[in-house]
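Step one of this worksheet: look at the structure below.
A short reminder: the numbers here are calculations on the coordinates, not readings from a lab. Note that the structure is a prediction, hence the values are computed from the model and not measured. We place every Cβ from the backbone using ideal geometry, glycine too, and count neighbours over all the protein chains shown.
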Amino acid sequence: MEHLSDYSSYAIAVAALIPILLILFFLRPDPEAPVPYTVPPPPECHPDWKGEILESPSLKIPGSSDIQCYCPATGASLGRVTPATEADIDEAVMRAKEAQVEWAKTTFSQRRKVLRTMLKFVLENQEMIAQAACLDSGKTRIDASFGEILVTAERLKWTIDHGEEALKPERRPTNFLMMYKVNEVRWEPLGVVAACVSWNYPFHNLLGPIISSLFAGNAIVIKGSESTAWSQRYFVSIARAALTACSHPPSLIQPLTCWPATAGHLTAHPGLAHLTFIGSRPVAHAVAASAAKALTPLCVELGGKDAAIVLDDVPASDLPRIVSILLRGTFQAAGQNCIGIERVIALPAVYPKLLELLTPRVRALRQGSALDSAAAVDVGASISGARFSDLEALIGSAVTDGARLLAGGARTSHPRWPHGHYFAPTLLADVTPGMAVATTELF
């Protein structure tokens, strides 16, 4: 009886301990929990901000090497940025190399914490981030929400959820004669990597390489376009502040902005273990030749001439929905989109009806700035007017060769923002494969 009593006391003690342990388990601190932090947005992002309108907006400033930052939708000045020199590039690579030594030793859990911290900030501050992207690139708010915030948040989330699985060691098969050996691939940090990214998605294009490089244990030198130099300072500070909040050196991320003549010093730098380039094909040729001098592995993301194909068996009731998709795919970011639609190939039975629906919709598209809080805006501005003459020539040549111009076709002056860069939404019909406009990327 005494033995039974001791056993009962033991069972009661265990039973009482289990819920306590469960409570402690569920209340334990999450080692990967995001850390709150703040990064003040630029004053230009304030709704009441009014900038000086430049008479002739241009990145170049007479008598100065500084970069003139301005809003391409309005021509409003956003200030100046001093471009990096070759000495600045050398110092950036050196600082990144020093910081990467300890970062390479961090665990995936520690890296996930940084990304979770960054993701929390992006979601909580998406309005300010979108505003900065709109001001610096001329895009609309909806373009910034989908093309900047949504895709960056999803990239962070994917890396958090699947990054470790993607980088885990992998076994490779062997053969009978080598059966006593084990083949295994282990992914190790490269060291210092670099990325030269384009202006059309100033937030996403900057954060994308930063996310991947940090999670892989690398430091990164990131060079944004001089066309969006103003927002780069804010966007990179968001990523660097996440590192600081998690007790890691912000020097793991080294931002640079420079003129093209100086960029070759970065792309040929012997201190880089890998280089990423996002931009046009002609520039990619120069970047590849430059990287080859140091035998630096290179990954390029270029443009295209993407086509949407509409088949004859599409029900007539689906055509209005398809037209909406075509408009979104074509005129997002004012057509300055490497995966945007530039051609629509429609089979004969559906061609006339598709044109009938598309023409009034394209003509009705409203252009403007994200600053137009009182006006609905469908299409934003172009980053500059540098391509306008070429676009008008391509369109004119196509019309001469038999194409029909149903909408747009030329630069236009916005009634409220005459110093902005606007090209009218354009629709060409009866374009043949031999026309230059059918094979030339238009931005």
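A Cβ-based charge dipole, computed about the Cα centre of the chain with Lys and Arg at +1 and Asp and Glu at -1, lands at about 260 debye. From the largest down, the stretch 102-217 spans 63, 25, 23 angstrom on the principal axes of its Cα atoms.
Close Lys pairs in the chain (alpha-carbon distance under 16 Å; sequence gap of 8 or more, or different chains): 5.
Where Lys and Arg each count +1 and Asp and Glu each count -1, what net charge lies around E148 among other residues with Cβ under 13 Å from its Cβ? Intermediate values should be presented prior to the final figure.
Values: positive: K139, R141, R155; negative: E127, D136, D143, E154.
Around E148, the charge tally is -1.
Hey, what did the chain get for relative contact order, percent, Cα under 8 Å, at least 6 apart? All intermediate terms of the calculation are to be shown ahead of the outcome.
Values: 759 pairs, mean separation 71.8, N = 443.
Once divided by the residue count of the chain, the mean separation gives 16 percent.
When the expected Rg is taken as 2.2 N^0.38 Å, what fraction or multiple of it is the alpha-carbon Rg of the chain? If you can, show how the numbers build up before the last one.
Values: Rg = 26.9 Å, N = 443, 2.2 N^0.38 = 22.3 Å.
So the chain has a normalised radius of gyration of 1.21.
In the stretch 176-244, the inverse of the mean reciprocal separation of distinct Cα atoms equals 14.0 Å; this is its Kirkwood hydrodynamic radius. So which residue, out of A333, A73, A284, gets the largest mean-square fluctuation from a GNM of the chain using Cα contacts under 10 Å as springs? Between A333, A73, A284, it is A284 that shows the largest mean-square fluctuation.
Counted as membrane-span-like here are DSSP H helices of the chain whose alpha-carbon atoms extend 20 Å or more along the helix's own axis and whose Kyte-Doolittle mean is 0.5 or above; these are 2-27.
Among P433, P209, P255, the largest mean-square fluctuation in a Gaussian network model of the chain, built with springs joining Cα atoms closer than 10 Å, belongs to P433.
Seen from a random direction on average, the alpha-carbon convex hull of the stretch 353-408 projects onto 5.0 square nanometres.
The share of Cα pairs per 5 Å bin across the stretch 275-364, counted from zero up to the longest distance, runs 3, 12, 19, 16, 12, 9, 8, 8, 6, 5, 2, 0 percent.
Set the Förster radius R0 to 60 Å, insert the Cβ-Cβ distance between S317 and A87 as r into 1/(1 + (r/R0)^6), and round the FRET efficiency to 0.05. Kindly include the intermediate steps, with their values, before the conclusion.
On the way: r = 64 Å, r/R0 = 1.07.
So, using R0 = 60 Å, E works out to roughly 0.40.
Toward the positive end of the charge dipole of the chain, with +1 on the Cβ of Lys and Arg and -1 on the Cβ of Asp and Glu, the farthest Cα among F423, Y180, G63 is that of Y180. Between the stretch 134-213 and the stretch 63-92, what is the separation of their alpha carbon centroids in Å? Their Cα centres are 28 Å away from one another. Where only DSSP H runs of four or more residues are counted, the chain gives -13000 deg cm²/dmol as its mean residue ellipticity at 222 nm, each run worth -39500 (n - 2.57).
Once the convex hull of the alpha carbons of the stretch 306-438 is built, what does its volume come to per residue, in cubic angstrom?
Values: hull volume 14.9 nm³, N = 133.
So the per-residue Cα hull volume is 112 Å³.
Ranking of M118, M435 by neighbouring Cβ atoms within 10 Å, starting from the fewest: M435, M118.
About its Cα centre, the stretch 301-370 has a charge dipole of approximately 320 debye under the convention of +1 per Lys or Arg Cβ and -1 per Asp or Glu Cβ, with nothing else charged. The stretch 331-402 and the stretch 216-294 have Cα centres spaced 32 Å apart. Counted by Cβ distance under 13 Å from L207, the other residues give a net charge of +1, where Lys and Arg count +1 and Asp and Glu count -1.
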